[in-house]
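This report refers to the structure that appears directly beneath it.
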Amino acid sequence: MMILKLINSLFANFCILVTFLYLSGMLSKKFVVAGRSVSIAARVNAGLLFGLFGMILMCYSFPVGPGSYANLRHLTIIIISSYIGWLPALICSVLLAISRVLFYGVSYSSVAAGVSLLIIGFCCCWISILPWPRLRKVMVSNLISMGISFVTLSSNLGSLAKVMEFFPLQLGVTLAAGLGVYYIAEYIQRSNELYAQLEHRATTDYLTNLNNLRQFHRHMDTEMARAERRGNSLSMLAIDIDHFKVINDTYGHPAGDAVLKQLARRLCNHSRSYDIVSRNGGEEFTILLPDCPLQQAQRAGERIRAAVESDRFVLPLGKKVHLTVSVGVASYPENIQDADGNLLCQYADSALYAAKNSGRNKVCVANI
């Protein structure tokens, strides 16, 4: 009967843990953590979250002796250490150690269990920095954790025979659960990576890695609404490469692609960190300048025009060419009084056409 109850308790722990993993995957859907640099705040939050998960698992423990309980709480430390790193694992283990004493009272067995959780946390922190595959980290951490748990249980129960009545089964179930949790976590991780890739492709220009036309319109709507709400200016630069067709016809389309990528980098380098640079199609680019009045936007356009004119662009075969751009400038509320992004685009395009028709390599401002 005891064995059956132990299996039921550990199975309930496994199901709860899988649910926690699914919820965590949903929370991190727009930020794939494994293999990326994660901020300190994100690491701390992850450690707190998984510490909370471990506390909940303790509520579904099975008593195997006076003051001793079997559960899968240590798997929360192992998963968080293997996927995010040592800091959240340390936070998670400290929370679990404290909660173990608070939940079951101050006693020798509670303190011993809390200390074992801290030791497990330190071991997982060390393993997390090793250059091992995640599967190896999970399995080795699980084995070490069960070894520490065995020593703690033997100390608390005072009899190796009592421990051996249930520990072999607990060990087998825990190792199987660790393996199952790993594969579920990997599936969630790969799903999030695919989601991030699809989202990136849907919003980013494939060649320049700038915002594409769809994302440009999203930013336009957002920034226009913010400008209207706060009473700020919103300016737009419409930029077009002069005689770009000559580059493609003379040197080929790979040369044209190289020019577009280099121009994209230069536009970003000569823009403010919060300006929004997009490729709207072909050789046409735009820059949205939040909180930027018309005259300041005109100076920004002139700065970009001069920088492109004075620079040289390297083609795939090493040849360097000079380019120029024409720039159209429009601003809300100087050019348009209604907070209409489409109307702002029309004014900027009209100014761009004026720059093209008046000789190119110019910055023209929309008529007020």
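Based on this model, can you work out whether GLU309 counts as within 15 Å of VAL363 (Cα to Cα), open to solvent by 10 Å² or more (accessible area, probe 1.4 Å) and within 36 Å of the chain's Cα centre (by Cα)? Outline the logic, then answer.
Working: within 15 Å of VAL363 (Cα to Cα): yes; open to solvent by 10 Å² or more (accessible area, probe 1.4 Å): yes; within 36 Å of the chain's Cα centre (by Cα): no.
It is false that GLU309 is within 15 Å of VAL363 (Cα to Cα), open to solvent by 10 Å² or more (accessible area, probe 1.4 Å) and within 36 Å of the chain's Cα centre (by Cα).
Checking the structure you have, find out if any residue of region 171-184 is assigned to a helix (DSSP H, G or I), within 17 Å of LEU10 (Cα to Cα) and in contact with a Phe, Trp or Tyr (Cβ under 6 Å, 6 or more places away or on another chain).
Yes, some residue in region 171-184 is assigned to a helix (DSSP H, G or I), within 17 Å of LEU10 (Cα to Cα) and in contact with a Phe, Trp or Tyr (Cβ under 6 Å, 6 or more places away or on another chain).
Yes/no per residue for (1) open to solvent by 10 Å² or more (accessible area, probe 1.4 Å); (2) modelled with pLDDT of 95 or more; (3) not assigned by the TED database to the domain that holds GLY172; (4) not charged (D, E, K, R):
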position: CYS59; (1), (2), (3), (4): yes, no, no, yes
position: PRO63; (1), (2), (3), (4): yes, no, no, yes
position: SER68; (1), (2), (3), (4): no, no, no, yes
position: LEU75; (1), (2), (3), (4): no, yes, no, yes
position: ILE78; (1), (2), (3), (4): no, yes, no, yes
position: TYR83; (1), (2), (3), (4): yes, no, no, yes
position: TRP86; (1), (2), (3), (4): yes, yes, no, yes
position: ALA89; (1), (2), (3), (4): no, yes, no, yes
position: LEU95; (1), (2), (3), (4): yes, yes, no, yes
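Hey, does region 241-260 have a residue that's of a type in the set (Asp, Glu) and within 31 Å of the chain's Cα centre (by Cα)? Even if it seems obvious, please write down each step before you answer.
Step one: list which residues in region 241-260 are of a type in the set (Asp, Glu), which gives 242, 249, 257.
Narrowing further to those that are within 31 Å of the chain's Cα centre (by Cα): 257.
The answer is yes, given that some residue of region 241-260 is of a type in the set (Asp, Glu) and within 31 Å of the chain's Cα centre (by Cα).
Let's see how each residue does on (1) out of contact with any strand residue (DSSP E or B) (no Cβ under 6 Å at 6 or more places or on another chain); (2) at pLDDT 95 or above:
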| site | (1), (2) |
| --- | --- |
| GLU193 | yes, no |
| ARG201 | yes, no |
| HIS217 | yes, yes |
| ALA227 | no, yes |
| SER235 | no, yes |
| TYR251 | yes, no |
| VAL259 | no, yes |
| ARG266 | yes, yes |
| PHE285 | no, yes |
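Return the pair list, or none, for Cβ contacts closer than 7 Å from residues in region 1-25 that are outside any helix (DSSP H, G or I) to residues that are among the aromatic types (Phe, Trp, Tyr) and open to solvent by 50 Å² or more (accessible area, probe 1.4 Å), at least 6 apart or on different chains.
none
Can you name every residue in region 78-99 that is touching a Leu at 6+ places or on another chain (Cβ under 7 Å) and within 24 Å of PRO133 (Cα to Cα)?
Selection gives ILE91, SER93.
Give GLN197, GLN189, GLN262, GLN215 a once-over and let me know the one that is exposed (fewer than 14 other Cβ atoms within 10 Å of the Cβ) and over 22 Å from GLN298 (Cβ atoms). Steps first, please.
Numbers: GLN189 fails: exposed (fewer than 14 other Cβ atoms within 10 Å of the Cβ); GLN262 fails: exposed (fewer than 14 other Cβ atoms within 10 Å of the Cβ); GLN215 fails: exposed (fewer than 14 other Cβ atoms within 10 Å of the Cβ).
Being exposed (fewer than 14 other Cβ atoms within 10 Å of the Cβ) and over 22 Å from GLN298 (Cβ atoms) holds for just one of GLN197, GLN189, GLN262, GLN215, which is GLN197.
How many residues, within region 323-346, are touching a residue at least 24 places away in the same chain (Cβ under 8 Å) and within 23 Å of ARG226 (Cα to Cα)?
Initial filter on region 323-346 (touching a residue at least 24 places away in the same chain (Cβ under 8 Å)): 323-335, 339-341, 344-345.
Checking which are within 23 Å of ARG226 (Cα to Cα) leaves us with 328-335, 339-341, 344-345.
Going through region 323-346 one residue at a time, the tally reaches 13.
Right, GLY178: open to solvent by less than 70 Å² (accessible area, probe 1.4 Å) and without any contact (Cβ under 8 Å) to a residue 24 or more places away in the chain or not?
Numbers: open to solvent by less than 70 Å² (accessible area, probe 1.4 Å): yes; without any contact (Cβ under 8 Å) to a residue 24 or more places away in the chain: no.
No; evaluated as a whole, the condition is false for this residue.
Out of the residues in region 226-253 that are of a type in the set (A, V, I, L, M) and over 14 Å from ILE276 (Cβ atoms), state the one that is surrounded by the fewest Cβ atoms within 10 Å (Cβ to Cβ).
Applying the first criterion (of a type in the set (A, V, I, L, M)) to region 226-253 yields 227, 234, 236-239, 241, 246-247.
Next, only the ones that are over 14 Å from ILE276 (Cβ atoms) stay: 241, 246-247.
Working: ILE241: 23, VAL246: 12, ILE247: 22.
Ranking the qualifying residues of region 226-253, first place goes to VAL246.
Of the residues SER110, SER99, SER128, which is open to solvent by less than 40 Å² (accessible area, probe 1.4 Å), in the same structural domain as LEU153 (by the TED database) and farther than 19 Å from GLY47 by Cβ? Give the steps one after another, and end with the answer.
Numbers: SER99 fails: farther than 19 Å from GLY47 by Cβ; SER128 fails: farther than 19 Å from GLY47 by Cβ.
The match here is SER110.
If we scan region 285-299, do we find a residue that is closer than 18 Å to ARG360 by Cα and open to solvent by less than 20 Å² (accessible area, probe 1.4 Å)? Quick ask: steps written out before the conclusion?
As a first pass, look at region 285-299 and keep what is closer than 18 Å to ARG360 by Cα: 285-286, 298-299.
Right, trim to open to solvent by less than 20 Å² (accessible area, probe 1.4 Å) and you get 285-286.
Yes, the conditions are met somewhere in region 285-299.
Would a scan of region 148-163 turn up a residue that is in contact with a helix residue (DSSP H, G or I) (Cβ under 9 Å, 6 or more places away or on another chain), open to solvent by 70 Å² or more (accessible area, probe 1.4 Å), farther than 30 Å from VAL111 by Cβ and not basic (Lys, Arg)? Reasoning before the result, please.
Initially, region 148-163 is screened for residues in contact with a helix residue (DSSP H, G or I) (Cβ under 9 Å, 6 or more places away or on another chain), giving 148-157, 160, 162-163.
Within this subset, residues satisfying the condition of being open to solvent by 70 Å² or more (accessible area, probe 1.4 Å) are 151, 160, 162.
This time we only want the ones that are farther than 30 Å from VAL111 by Cβ, so: none.
For region 148-163, residues in contact with a helix residue (DSSP H, G or I) (Cβ under 9 Å, 6 or more places away or on another chain), open to solvent by 70 Å² or more (accessible area, probe 1.4 Å), farther than 30 Å from VAL111 by Cβ and not basic (Lys, Arg): absent.
Which ones in region 329-345 are under 23 Å from SER271 (Cβ atoms) and over 35 Å from the mean Cα position of the chain (by Cα)?
Matches in region 329-345: PRO333, GLU334, ASN335, ILE336.
Every residue, every condition in (1) under 24 Å from PHE313 (Cβ atoms); (2) in contact with a Cys (Cβ under 9 Å, 6 or more places away or on another chain), yes or no:
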| position | (1), (2) |
| --- | --- |
| MET220 | no, yes |
| GLY231 | no, no |
| LYS245 | yes, no |
| HIS253 | yes, no |
| ARG265 | yes, no |
| HIS270 | yes, no |
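The values are calculated or read from the model by the stated rules, or taken from the named source; none is laboratory data. Just so you know, these numbers come straight off a predicted model, no measurement behind them. All Cβ positions, glycine included, derive from the backbone under ideal geometry; neighbour counts span all protein chains shown. The protein model used for the area step is the full one, side chains on, heavy atoms only, and it has no ligands, DNA or RNA in it. Shrake-Rupley method; radii C 1.70, N 1.55, O 1.52, S 1.80 Å.
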